[in-house]
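Let me begin by presenting the structure, written as structure tokens, before commenting on it.
The values are calculated or read from the model by the stated rules, or taken from the named source; none is laboratory data. In this text the structure is predicted, and so the values were computed from the model without any measurement. When we count neighbours, we look across all protein chains shown, and the Cβ atoms used for this are built from the backbone with ideal geometry, even at glycine. Side chains are part of the model used for accessible areas, which takes the heavy atoms of the whole protein and leaves out ligands, DNA and RNA. Shrake-Rupley method; radii C 1.70, N 1.55, O 1.52, S 1.80 Å.
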Amino acid sequence: MTLLYFATLLSLVAAGYYFGRSRAAAVSQAALHSRPAYHGAFVAIAVLLPMLAVFAVGVPLAQRLAEAQAVNAFDPALAGDELRRGAVLRDIVAVAAGRFSGEPSAALQRAAETYRSLRSWSDALLIAGGLAFGLLAIAFGLRSLSARFRARNHVERFVTVVLFACASVAVLTTVGIVFSVLFETLRFFERVSPVEFLFGLHWSPQTAIRADQAGSSGAFGIIPLVAGTLLITTIAILVAGPIGLFSAIYLAEYASPRFRAIVKPILEILAGIPTVVLGFFAALTLAPWIRDSGGLLGLNVASESALAAGIVMGMMIIPFISSLSDDVINAVPQSLRDGSYAMGATRSETVKKVILPAAFAGIVSAFMLAISRAVGETMIVVMAAGLAANLTFNPLEAVTTFTVQIKTILVGDQEFDSAKTLAAFALGFVLFFFTLTLNVIALQIVKRYREQYD
Amino acid sequence: MMNTMVHVEVPAADRGPAADRAIKVVARGVNVHYGEKHALHDVDLDIPERAVTALIGPSGCGKSTFLRCLNRMNDTIPVARVTGRIEIDGHDIHDPELDVVQLRARVGMVFQKPNPFPKSVYENVAYGPRIHGLARTKGELDEIVVSSLRRAGLYEEVKDRLADSGTGLSGGQQQRLCIARAIAVSPEVILMDEPCSALDPIATAKIEELMDELRENFTIIIVTHSMQQAARVSQRTAFFHLGSLVEEGPTETIFTTPKDRRTLDYITGRFG
Amino acid sequence: MRTLDLESEAARARVRARYRAEARFKAYGLIAIALTALFLVIVLSDVLIKGLPAFTQHYLEMTVKVDPAEIDPQGTRDPTVIASGDFQALVRNEMRAAFPEVRDRAGRRQLDGILSTGAADRLRDLVVADPGLVGQSVKFSALLTDDADLYYKGTGTSIRRRGGLGTAAASATTGDVTVTSSAEDFAAELGSVKQVLAERARVLRVEADRVRASLRSQEAGRVALQQGLAAARAANEPTRVATFESRIKDQDAEIEQLARRVAELDQQADALQARATGSGDEALDESLPSLLVAIDGGLVKVSEVGRSKISGTVLLPPASAGEAAPGAWQVVSYVTPEANRRVSDREVAWLERLREQGLVQRRFNWAFFTSGDSREPELAGIRGALVGSALMLLVTLVLCLPIGVAAAIYLEEFAPKNRLTELIEVNINNLAAVPSIVFGLLGLAVFLNYAGLPRSAPLVGGLVLALLVLPTIIIASRAALKAVPPSIKEAALGVGASHQQAIFHHVLPLAMPGIMTGTIIGMAHALGETAPLLMIGMVAFIVEVPTGLTDAATALPVQIYLWSDLPEIAFQSKTAAAIIVLLLFLFVMNGAAIVLRKRFERRW
């Protein structure tokens, strides 16, 4: 049905374009305001819009109607019961499509029959409607055409609107993210109090699977997750901060162009390695190595130690810190360097006493962006960090993070509406807003920093 | 033709041949290449002590390039190559024994655009003394900062704002701060690369006054676009054109009876 | 005014110190870069070392008689009948025929386990394709299981052989046998066994000392408790007296237990020590290197070793029970103890025998690229994941490129300077930094739960990835559009083009190389992205290769994640091999982006 509708749509659009163009081409070219192609495009758009509208309004409407009638045919009492209604509806659709496993009851058969006939009626109606609207639109479009008709302006206005719509997709995405996590989070807070969620010291969503235990006390405190995330991020920044910053300084202040040309790609390759690969390295090579060498030193190291995940995550964000800091350092005006050199300062003195203080804000924002990246990183910790929510700051123990928990809860079968599933969205909500805040602040700092030296 | 010429009044006290003063800087056969580009050809120039020497010439004539040779600032440009001999007080500045860091402490520099560090006024001036270990105590450092700011004629204006950022000052104040920063390590020579080009006339006048005072203690070499400025502040003038030194002599002579046709054309405004 | 001192010794020392600081600082930078490069090298070589072996696979050249009774008793020659025949039995029987001495159930199971189930399937395919083969002997390459394959790749054990010095005689050709040599051929092995025993005795003594120390401290604790008890009695505090008494009782139990343990350990250590220093025969166990005797075409696994005599069981039967001259028989040892490897001595013996017969072939593992996922490591391939990734990227590209370019054109050329535009710009910049897993949550909530799209489908994966890389493409496209000098647009406007005509006819084509570069980099990013795909259910175990946008599918990085979680060692290698493939794709894509940038780079 969808296919048929869009085939009709496409052929009508093509027809509209063709007629519009040939109508315009028949007129004397000198008198024409817009070129014939624009007239064609105008008619095509005139067809496209109403037909899309018919589809967008008609399909959900028909669906809703058919479902209501079918459920009514099955058992009118079901209308109020959301859960059972959904289940029955699934059965009806399955029977209607002929992929119901088992023997459908007579009532179900009847309902399915209603559903099927309604759907075929509505489909036919939709296609007929679309066709009618399309033909009308062609007639209307062709009537508006004249030599002095400003087809190009109309078409261009349409194009501008389309361009704007594309630009708004990004905003829509953000809105989508906010709403999808916000609603589930609010539903989660109906079961678990926000205070308990934010300040609880225990995290064990597994215990809440049983209905009578849903939201039972102490199971949804995110403090251990915050601690775990913080621990791994701290290790990552301790690794990546100095290495990234020093390599940025070297590249910006010391390196010859040829050395830069060699090192830059190394950083880019590192930045381009998918995190699942780094996670593989962390889990299967680095973590066992750390555990074994810890064992040699007489230390008891967990096989999913925070240290391994943290180090590899640090390696992941080195290119990030390095390239952002490199940009920031390069944005420091040459005149400041000259001023310092002319005073007889060495390069390192210039870097330490003039360039870094001047670039401080920018470097801080680079670190903030890196932290946000590390906090939101999933695969490395999923593969290399643990599941147990230990409240510890010992890097040799296993800890868990926000992303690990979201992934653990949502992968595999989930029952919807359980506190456990909703908790994942609440975690996502916290994660999203934490990283968003960091990003907004960091980007604001960078923007002001750039303005300062532009 | 004479009436289009810049009218120059040279104070009587400044008249007199260069030979009266000791020679501070000697340049012989200085050539500079920027990669493929030959920016400076065989410059020979003597610069007298405790006087202001102006380097003039049209844009791209090599005057700034020459200036940057004197404290080896060209070292910071990877593609730049300097040959020839430059001596300060008879010491070759390219002598491997002599350290560039020390050279720059002896030869201060002030740039075209004021470039105070984004630090406090105090820290800006204290920067040089600190990196060169000039002051042993906080008191000594304070004394150096205050006296440098005084000599740069800035102290009275900023004495209540020593802890404020140097970038918050006005353009003229910033440039005087840069001069204070340069003289805080008591250099022997101060290089000024068009120090007033970014300033308004009043700030320019203040800097020019300052230069006149400073020449009692320092050897000043200034690159300038403005012939009036060269005439006002300098005792000697060197004219550069297309990377060569065309003519050099007492400012009065250069502006009244230049020997070279090109000098005459330039100071009469035929090109520039 | 103080003058600058540059000449004194102190001044020179200061300058030297400053230059040392300079050199140190510079070295820090170099070290940082070296560490980064080192890490990259370690990661890549780790992946290569682990992954490269998975690109080859070992096969056993087999000739199997396709018995009509098993496959097609009615003689129909109908492919459907043939396909349901028990080829597994045919192949197994062939293996059993090769090692007729294996009669016990455990042994047979081990023998069956050498060939992959894929071997029978291969034979089935051959016969189904050509029913004429029924009743014939078919020669084909049978796939080995992962353990056998890994053994041939060298992860099993190294094998040492040395010729016997004396004349050896085996007591029998099957079952438990003894081999006696006229020389002290096994003295070295006996010696090393005794050395191990001595070492074990030493370890036991260390442990005994440790327990003894804790015993002493417990005894000291008891004394303290006793004093406490006395004090409590003196103070006449019945509750404290009771507590102390019960604690002393516990302490006594503890002490008794420790004392027993010490005695036990000492006794064990003494026994071991006695064996180590004595000259008696010693039994071998799984934690010692395996010792075998190859005699007269057979192989005997040693269970007890003496200086010139061993006893053990026959793994491969010797041709006769006669004598073997010096040099004609061998002492063999499998260096890695049996407990530390995945193949038993018996399997090693069979695998070695098969290799000696020249039946084992190492070939490029095409199946890795042509088959879908499997629970058996030797059968698992990445075709399904590759197709899944390709379908997903197709969806992503089709959505992302037009929308991204349109958005970039709007923002760069048509957007009015107002708050809405500013909001969109801030939004795009921030969206680029939102954690990818959050996009997965969006996909789960909106595309799956709200819109009701199918789980695990490339369509949904593509949609999510499109949203994920859209900001990247918009930012890159804007940069490319900005790089086109305004003079081009002005020239077009000057000859009477409308603003849109100027953009679409002149600016956009010139910006296209930059846009394509950004798009390729965005696609590479999408190809490596894993986390959001986990959220929308692309983690299922899917054997079939997807054929459409709504089929259940997985993606290459997700496959890597799934495999990395599996316990089999062979899967580790497969994982690394899949990573190599993924990295190759990424390098090619990024390389293409670089070439594009270099070729079309224009300096305005």
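Values computed for the structure shown
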item	result
Which listed residue is open to solvent by less than 10 Å² (accessible area, probe 1.4 Å) and of a type in the set (A, V, I, L, M, F, W, C), from C:MET523, C:MET535, C:MET512, C:MET516	C:MET535
Tally, over region A:358-397, of residues that are surrounded by 22 or more Cβ atoms within 10 Å (Cβ to Cβ) and in contact with a strand residue (DSSP E or B) (Cβ under 6 Å, 6 or more places away or on another chain)	1
Scan of region B:184-238 for residues that are at pLDDT below 90 and touching a Leu at 6+ places or on another chain (Cβ under 6 Å), ordered by number	B:VAL185, B:SER186
Qualifying positions in region C:249-279 - closer than 13 Å to C:LYS194 by Cβ and open to solvent by 80 Å² or more (accessible area, probe 1.4 Å)	C:ARG275, C:THR277, C:SER279
A:PRO274 within 7 Å of another protein chain (Cβ to nearest Cβ) and either open to solvent by less than 50 Å² (accessible area, probe 1.4 Å) or among the charged types (D, E, K, R) (or both)	yes
Residue that is among the aliphatic types (A, V, I, L, M) and at pLDDT 90 or above, where the choices are A:ALA302, A:ALA309	A:ALA309
In region A:333-357, the residues that are surrounded by fewer than 24 Cβ atoms within 10 Å (Cβ to Cβ), within 12 Å of chain C (Cβ to nearest Cβ) and part of a loop (DSSP other than H, G, I, E, B)	A:THR346
Close pairs (8 angstrom Cβ cut-off, 6 or more residues apart or separate chains): at the interface with another protein chain (Cβ under 7 Å from one of its Cβ atoms) and in a helix (DSSP H, G or I) in region C:22-33, loosely packed, with under 15 Cβ neighbours inside 10 Å and at pLDDT below 95 anywhere	none
First in region C:73-87 and assigned by TED's automatic domain parsing to the domain that holds C:ARG124, second anywhere and among the β-branched types (Val, Ile, Thr) and modelled with pLDDT of 80 or more, Cβ under 6 Å, 6 or more apart	C:PRO79/C:VAL128; C:ILE82/C:VAL127; C:ILE82/C:VAL128; C:ALA83/C:VAL128
Long-range neighbours under 9 Å by Cβ, at least six apart or interchain, first residue in the same structural domain as A:ALA46 (by TED's automatic domain parsing) within region A:7-24, second part of a helix (DSSP H, G or I) and hydroxyl-bearing (Ser, Thr, Tyr)	A:GLY20/A:TYR38; A:ARG21/A:TYR38; A:ALA24/A:TYR38
Filter result for the condition that a residue is part of a helix (DSSP H, G or I), within 12 Å of another protein chain (Cβ to nearest Cβ) and either in contact (Cβ under 8 Å) with a residue 24 or more places away in the chain or within 30 Å of A:THR160 (Cα to Cα) (or both), over C:LEU493, C:LEU586, C:LEU596	C:LEU586
Region A:240-257 - residue that is modelled with pLDDT of 90 or more and more than 9 Å from chain C (Cβ to nearest Cβ) and, of those, surrounded by the fewest Cβ atoms within 10 Å (Cβ to Cβ)	A:GLY241
Cβ-Cβ under 9 Å pairs, at least 6 apart or on other chains, region A:368-388 side not assigned by TED's automatic domain parsing to the domain that holds A:ALA271 and at pLDDT 90 or above, far side among the aliphatic types (A, V, I, L, M) and outside any helix (DSSP H, G or I)	none
Residue list for region A:303-332, filter: under 33 Å from the mean Cα position of the chain (by Cα) and not in a helix (DSSP H, G or I)	A:SER303, A:GLU304, A:SER305
Selection count where residues are open to solvent by 30 Å² or more (accessible area, probe 1.4 Å), within 13 Å of another protein chain (Cβ to nearest Cβ) and either at pLDDT 85 or above or in a strand (DSSP E or B) (or both), scope region B:80-109	3
Criterion violated by A:GLN69 - all others in (1) open to solvent by 60 Å² or more (accessible area, probe 1.4 Å); (2) touching a Ser or Thr at 6+ places or on another chain (Cβ under 9 Å); (3) modelled with pLDDT of 85 or more satisfied	(3)
In region C:201-233, residue nearest to C:VAL302 (Cα to Cα) [restricted to those that are of a type in the set (Lys, Arg) and open to solvent by 80 Å² or more (accessible area, probe 1.4 Å)]	C:ARG202
Number of positions in region B:236-254 that are crowded, with 23+ Cβ neighbours inside 10 Å and assigned to a helix (DSSP H, G or I)	2
Of the criteria (1) within 14 Å of chain A (Cβ to nearest Cβ); (2) under 20 Å from A:PRO333 (Cα atoms); (3) open to solvent by less than 10 Å² (accessible area, probe 1.4 Å), which one B:PRO187 fails	(2)
Given (1) aliphatic (A, V, I, L, M); (2) modelled with pLDDT of 85 or more; (3) surrounded by fewer than 21 Cβ atoms within 10 Å (Cβ to Cβ), index of the condition C:ALA540 fails	(2)
Residue within region C:63-71 that is of a type in the set (Val, Ile, Thr), assigned to a helix (DSSP H, G or I) and free of Cβ contacts under 8 Å to residues at least 12 places away in the same chain present	no
Condition met for C:LYS482 (more than 19 Å from A:MET379 (Cβ to Cβ), among the charged types (D, E, K, R), without any contact (Cβ under 8 Å) to a residue 40 or more places away in the chain and outside any loop (DSSP other than H, G, I, E, B))	no
Single match in C:LEU510, C:LEU566 (criterion: at pLDDT below 90 and within 13 Å of chain A (Cβ to nearest Cβ))	C:LEU566
Condition met for C:ALA339 (away from chain A (no Cβ under 14 Å), part of a helix (DSSP H, G or I) and over 17 Å from C:ALA555 (Cβ atoms))	yes
Residue in region C:376-386 that is within 14 Å of chain A (Cβ to nearest Cβ) and either closer than 30 Å to C:ILE295 by Cα or part of a loop (DSSP other than H, G, I, E, B) (or both) present	yes
Residues of region A:293-308 satisfying the condition of being away from chain C (no Cβ under 14 Å) and of a type in the set (A, V, I, L, M)	A:LEU296, A:LEU297, A:LEU299, A:VAL301, A:ALA302, A:ALA306, A:LEU307
Which listed residue is under 32 Å from the mean Cα position of the chain (by Cα) and either more than 14 Å from chain A (Cβ to nearest Cβ) or of a type in the set (Val, Ile, Thr) (or both), from C:ILE71, C:ILE49	C:ILE49
